[in-house]
Amino acid sequence: MMSFLQAVLGFAVISVICQQTSGNLITSKDEQELTEKELESLYKLETLLDEREIINKERKKKAKSLILLAFEEGLEKSEKMVERQTYYRNIGMGRRNKIKRKNNRLFKISKMSIEKQEEGFILLSAKKALVKLTGKTLKELSGDPDYQEAWDDILAGSSIDSSRRKRSTKRATTNDCQKLSSVNEYRTIDGTCNNLDKPNWGAAFTTQPRFIDEVYSDGINTPRISADGTPTLTSPRTISNSVFIINNGRKVSKPEGFNSLMSLNWGQFLDHDIVLTPTFAEEHGEDIQCCKEDAIPIARDECLGIEMTPDEDLDISCMEFVRSAPAPDTQLNGMFMFIIHSLHVSTVNINYCFTIEAGNQVTNAITSFIDGSMVYGSSEDEERQLRGIDGKMAVKSVSGGDLLPEDTSGEAFCTLTGRDPVNDYCQNAGDIRVNVQPGLGHLHLLFVREHNRIVDELKNVQPSWTGDQLYNEARKIVGAIIQHITFNEYLE
């Protein structure tokens, strides 16, 4: 830009000189002096532009230098986190100690979640460091073209961004989607290409949009504080008990007069079709422990232990709560917006906006659609593990009927003590939370059996179909059944 301005300026100078000398038209000393003043002004302007170009180069250099320092700090913090995790594990405060305590979860953590967690933590730490180094907010930094350009340039050449691109751009463009022979017949397993104009909307391992902005006390990721400035908020368990259980100092049980247990089970089953927010885990997927001896919260980046008063239900004063893992948001301010126009409600048209703001964001590890992902999985690896032969789903055949297949990964555990019975096993399904409670597991089994029943029916009427055709058609039908139950029976 500067070279262009200088070229224009040079042309202007030459033009003035030519006008002065051409045809010996200078007729007076006053005109001669005036022209010299004009030339002097032009030269001053050129000097000023040169100085500004030097200043701008220095600004860009400074921005790049500070961002590199911020990334170094982010990498250092990530390494220190792994060191701390090793320390806690070595003193008996990790998954190796799971038999002695209640666990945070009853499901395993995928390798992809661990990779995304590491990338997200490095990026988040780099943003925090950059804010500290510059004294500016993320929004202010993203509005500064020098910092925005330097951030994008540095990240484009980093291993974080290259690894992200390798995984996220496999089917990330409209052209790529249109090359898929079955894109108009069957949903992809990871949710990409469901919307051909926005191929990544709702896909697995994308950042979750928000209805309202997040409220972190530091604007990035520190838990919020009270409106009056009190450092800690009231325990969420205390609030929950006050609203739903405690009445005049005593516990009151209010029987549900309408909904059955199946309402709860279907709601959980449906939830596991559309969202899974990965929580922090150790380097190889082991549990994070946030309370020392169920009594004292541990100050860790991964934790937000809930302090509570022991009662007859839970004789502990600290409840385990592991924070959601940060999404690997490579944008400096993380802001973008989805707008869904003209949702007609009664006589009013409403525009819905979903935004992702500057602070810490979280990932959805599964597809956001009601597509039966809790039955079939949200990745090609999961799908391969769950498929059987001839278009059917894999099952464990026993005398009483088919059961869900066994999880042989060694990563899952199915009891709070971590000591599973010899005659029992962890189930494997499209969603890793299948073992949380029996009512959930039976719905997983129901739809696996339904899939296989539909395959048998289709095979009778279409004997020439391949296993892939049978599988995909049955999957499409099962997805439609789940949608019908949800919208016509559950939500009606």
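The values are calculated or read from the model by the stated rules, or taken from the named source; none is laboratory data. These numbers come from a predicted model, not from an experiment. Please note: Cβ atoms are built from the backbone with ideal geometry, for glycine as well, and neighbour counts cover all protein chains shown.
Observations, loosely collected:
- Looking across segment 124-141, the residues that are assigned to a helix (DSSP H, G or I), in contact (Cβ under 8 Å) with a residue 12 or more places away in the chain and more than 13 Å from the chain's Cα centre (by Cα) come down to S125, A126, K127, K128, A129, L130, V131, L133, T134, L138, K139, L141.
- For segment 267-314, the candidate set comprises residues that are hydroxyl-bearing (S, T, Y) and within 18 Å of the chain's Cα centre (by Cα); within that set, the residue that is surrounded by the most Cβ atoms within 10 Å (Cβ to Cβ) is T279.
- Residues being at pLDDT 65 or above, hydrophobic (A, V, I, L, M, F, W, C), surrounded by 15 or more Cβ atoms within 10 Å (Cβ to Cβ) and under 30 Å from I296 (Cα atoms) are represented in segment 79-88 by at least one member.
- Residue under evaluation P421, criteria (1) within 30 Å of T279 (Cβ to Cβ); (2) modelled with pLDDT of 95 or more, criterion not met: (2)
- Screening segment 63-75 for residues that are touching a residue at least 24 places away in the same chain (Cβ under 8 Å) and of a type outside the set (A, V, I, L, M) and picking the one that is farthest from D152 (Cα to Cα) gives E73.
- With respect to being at pLDDT below 90 and surrounded by 13 or more Cβ atoms within 10 Å (Cβ to Cβ), N104 fits the description.
- Flag for I316 being assigned to a loop (DSSP other than H, G, I, E, B), at pLDDT 90 or above and farther than 26 Å from F205 by Cβ: no
- Test: residue in segment 381-404 that is of a type in the set (S, T, N, Q) and under 19 Å from the mean Cα position of the chain (by Cα): no
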